[in-house]
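The values are calculated or read from the model by the stated rules, or taken from the named source; none is laboratory data. These figures come from a predicted structure and were not determined experimentally. Cβ coordinates were reconstructed from backbone atoms using ideal geometry, including for glycine residues, and neighbour counts include every protein chain displayed. Remember, those area values only see protein heavy atoms, side chains included, never the ligands or the DNA or RNA. Shrake-Rupley method; radii C 1.70, N 1.55, O 1.52, S 1.80 Å.
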Amino acid sequence: MTERPTISAAAAAAPFRFQRSTIREMGEKLLGQSARRRSATIPTRLDLRASNVTVAYPNGHVALRDASLTLDGPTICGLLGVNGAGKSTLFKAIMGMVRPAAGEVRLGGHTVAEAQRLNWVAYVPQNEEVDWSFPVSVRDVVMMGRYGYMNGLRIPSAADRAAVEQGLRRVGMQGFVDRQIGQLSGGQKKRVFLARALAQDGRVILLDEPFGGVDVTTQEQIMALLRELRAEGRIILVSTHDLASVPEFCDQVALVKGTVIAAGPTETVFTPTQIARAFGASAAQQAAGQASVSLRPDGDGTTLVVAADGRVLGRLEPQGMPRQP
Amino acid sequence: MIEELLLPFDYEYMRNAMLISGVIGAVCGLLSCFVALKGWSLLGDALSHAVVPGVALAWILGLPFALGAFASGMLAAWFMGFIRRNSRIREDAAIGIVFTAFFGAGLVLLTLFPSNIRLRTIVFGNVLGIAPGDAVQMLIVAAGVLLVMALRGRDLVLWAFDPTHARAIGLDTRLLQTLLLGCVAAVAVAAMVAVGAVLVIAMLVAPGATAYLLTDRFGRMMAGATALGGGSAFIGAYLSYFLDGSTGGVIVCLQALIFVIVLVFAPQHGLLAARRARQRASHPAGSIA
Ligand SMILES: Nc1ncnc2c1ncn2[C@@H]1O[C@H](COP(=O)(O)OP(=O)(O)OP(=O)(O)O)[C@@H](O)[C@H]1O
Ligand SMILES: [Mg+2]
């Protein structure tokens, strides 16, 4: 993992310029997208601003109310919360999958739709969301990250192939290019989708539970890679249930519970009190049988995060001290 | 002997029937890949039944029947989507209600306004008696679907595999869905001529399902399903001359037969292959009886 392509490499390489016209617009609509997206200016500073976002699903359920989250500049931000807290919903709002009933999301000053057209938004799906028996190879999947850069017919150029190659190399999956996507281990699958985000050269990378079903070595590899991506100037948003890894891995934490109840640097937000607010269920919820989490002091200054069934979910270190493996 | 085998080619109506069936079968085969992978079998079946009132109305109003059929299919698709989005009714129930309602309305229209379209023709197809004008309509539909596939096929694959990613890179997923739905409705109309409304769904599912058992690549699956759909429809129409049986029935039986053979013998995803793999796993290397 020696090469570190700059964020602009793929985005800048396109001197296309067309006269805007209705015919062209219509052609775009039919053919997919255009070369227009490639000639964007790169903001010196990338930020993500979700302000007062409210999301209601068609069945009337308000999954997120008045949620605000601001990430200034490159960072790894962990999204924490119980099942059903609204983490995936916040992701969907940032990716433009759902239209907020109120509030708005801006990425580097652009609306979500603009950011999408610029190929800024990359997504690594939760394992359960993918049809693993779909007849596509590893290379096909990573190539999908390049579709936004291709012409309407999606015929890959040499640059596209190189980006795919490089993405696969960075995640160490270059030996599996012709495998069907389902014939991989859980960790390998995750890495393939990460390679797709790399090939896409996304500025804002969203990972929904990237550590589910992944062994410690792969988890370390993914984390190392995400740190590299942060160093390249990208914003990484990770939803995770693995509280133990948060302190060493995330610069910032956002606690979600129907809204963003707290967000900021890990040292100030990832504290027992705040976590209890996010994970501690009210009596009513407990009665309804929902999962709850409690915090228990554990000898030498650490605090255990314990699930309702007694499973230890994580360990909170006293502030400032690195986690012992 | 040879002469006898070439006999069907001597008749223009047989040549037409084989050509039309082959083209429609090929296009259906191509689309069947998407139908199989998106789990749209039920929807395809529904669309092929929902076109019936459109055919009747088109005749009453003197419009091209493909147009009426297509419009009625899309209207039914919209109704199904509307019910699913705006009520707690599940998708399969919504589909069941809408398509039977459309089919019923079609039956009523056809009996109230006796026309030269015989109900039998719509339900069971009659490619042997296809009028030249209708044949042209079918070929236009096939060409249109092929054009859509050539222009947006890759996006449709991407969307079928990962709609979230498709959204995230700014593709208009609603447009893609409508496009695919429109294609399915269009070929359902075309295939109705060849095999009839009842059997259309076989042409829209079997080739894709068969090819899916044979390969792990979408491109190859599409090529295989297209060849399979086209070939089996052509040969089915040819055979029906000798069997003197319903063309649609022969085509669909042929496709089902191929499917069963592949299901058993497919090198990787077949039943026998799975059994071999199990045996290999339970017996250490070299001890397979
Ligand atoms: N498509 C939908 N339609 C209606 N309600 C939904 C939909 N998706 C999610 N919800 C509801 O919205 C709430 C938030 O769901 P969300 O998926 O954002 O939770 P999450 O924090 O990602 O949970 P998990 O940790 O289980 O992934 C839940 O109460 C859920 O039931
Ligand atoms: Mg979730």
(request) Could you grab me the full set of residues in the stretch A:149-185 that are of a type in the set (Lys, Arg) and within 16 Å of B:Ile169 (Cα to Cα)? (result) A:Arg154
(request) Go through B:Ala186, B:Ala166 for me and flag whichever is farther than 27 Å from B:His49 by Cβ and assigned to a helix (DSSP H, G or I). (result) B:Ala166
(message) Against the definition (among the hydroxyl-bearing types (Ser, Thr, Tyr), surrounded by 21 or more Cβ atoms within 10 Å (Cβ to Cβ) and within 27 Å of A:Gly213 (Cβ to Cβ)), how does A:Tyr123 come out, yes or no?
(response) yes
(request) Could you look through the stretch A:71-107, keep only residues that are away from ligand 2 (no atom under 13 Å from the Cβ), free of Cβ contacts under 8 Å to residues at least 40 places away in the same chain and within 14 Å of chain B (Cβ to nearest Cβ), and pick out the one that is least open to solvent (accessible area, probe 1.4 Å)? (result) A:Gly96
(request) Please specify each residue of the stretch A:108-140 satisfying the condition of being more than 8 Å from every other protein chain (Cβ to nearest Cβ), in a helix (DSSP H, G or I) and either touching a residue at least 40 places away in the same chain (Cβ under 8 Å) or under 25 Å from B:Tyr212 (Cβ atoms) (or both). (result) A:Ala115, A:Asn127, A:Glu128, A:Val138, A:Arg139
(request) Give just the number: which of (1) in contact (Cβ under 8 Å) with a residue 24 or more places away in the chain; (2) not in a helix (DSSP H, G or I) does B:Leu171 not satisfy? (result) (1)
(request) Can you confirm whether the stretch A:55-78 contains a residue that is in contact with a Pro (Cβ under 6 Å, 6 or more places away or on another chain) and either in a strand (DSSP E or B) or within 8 Å of ligand 1 (Cβ to nearest atom) (or both)? (result) yes
(request) Determine which member of the set B:Thr210, B:Thr226 is buried (at least 18 other Cβ atoms within 10 Å of the Cβ) and in contact with a Phe, Trp or Tyr (Cβ under 9 Å, 6 or more places away or on another chain). (result) B:Thr210
(request) Give me the pairs, please: first residue somewhere in the stretch A:238-264 and more than 15 Å from ligand 1 (Cβ to nearest atom), second residue anywhere and of a type outside the set (Ser, Thr, Tyr) and in a helix (DSSP H, G or I), beta-carbon distance under 6 Å, and either six or more positions apart or on two chains. (result) A:Phe249/A:Met223; A:Ala262/A:Val269; A:Ala262/A:Gln274
(request) Test A:Val164 against the stated conditions and say whether it is farther than 18 Å from A:Val204 by Cα, of a type in the set (A, V, I, L, M) and more than 20 Å from the chain's Cα centre (by Cα). (result) no
(message) Given the criteria aliphatic (A, V, I, L, M) and surrounded by fewer than 24 Cβ atoms within 10 Å (Cβ to Cβ), does A:Ala163 qualify?
(response) no
(request) Report yes if A:Asp131 is buried (at least 21 other Cβ atoms within 10 Å of the Cβ) and of a type in the set (D, E, K, R), otherwise no. (result) no
(request) Please specify each residue of the stretch A:209-252 satisfying the condition of being modelled with pLDDT under 90, away from ligand 2 (no atom under 16 Å from the Cβ) and crowded, with 23+ Cβ neighbours inside 10 Å. (result) none
(message) Whether any residue in the stretch A:145-154 is surrounded by fewer than 24 Cβ atoms within 10 Å (Cβ to Cβ) and aliphatic (A, V, I, L, M) is what I want to check.
(response) yes
(message) With modelled with pLDDT of 90 or more, within 14 Å of chain B (Cβ to nearest Cβ) and within 16 Å of ligand 2 (Cβ to nearest atom) as the only criterion, which of A:Leu255, A:Leu198, A:Leu206 stands out?
(response) A:Leu206
(request) Hey, can you tell me all the residues within the stretch A:141-154 that are facing chain B (nearest Cβ under 9 Å), assigned to a helix (DSSP H, G or I) and touching a Gly at 6+ places or on another chain (Cβ under 7 Å)? (result) A:Gly148
(request) Go through the stretch A:169-221 residue by residue and tally those that are assigned to a loop (DSSP other than H, G, I, E, B), out of contact with any Ser or Thr (no Cβ under 8 Å at 6 or more places or on another chain) and either within 16 Å of ligand 1 (Cβ to nearest atom) or of a type in the set (Val, Ile, Thr) (or both). (result) 4
(request) Kindly indicate whether B:Ala142 is more than 14 Å from chain A (Cβ to nearest Cβ) and in contact with a Cys (Cβ under 7 Å, 6 or more places away or on another chain). (result) no
(request) Please specify each residue of the stretch A:80-98 satisfying the condition of being hydrophobic (A, V, I, L, M, F, W, C) and within 6 Å of ligand 1 (Cβ to nearest atom). (result) A:Ala85
(request) Could you identify the single residue in B:Ser232, B:Ser240 that is open to solvent by less than 10 Å² (accessible area, probe 1.4 Å) and over 16 Å from the mean Cα position of the chain (by Cα)? (result) B:Ser240
(message) Checking B:Leu119 against (1) open to solvent by 10 Å² or more (accessible area, probe 1.4 Å); (2) free of Cβ contacts under 8 Å to residues at least 40 places away in the same chain; (3) closer than 30 Å to A:Arg139 by Cβ: exactly one of these is not met. Which one?
(response) (3)
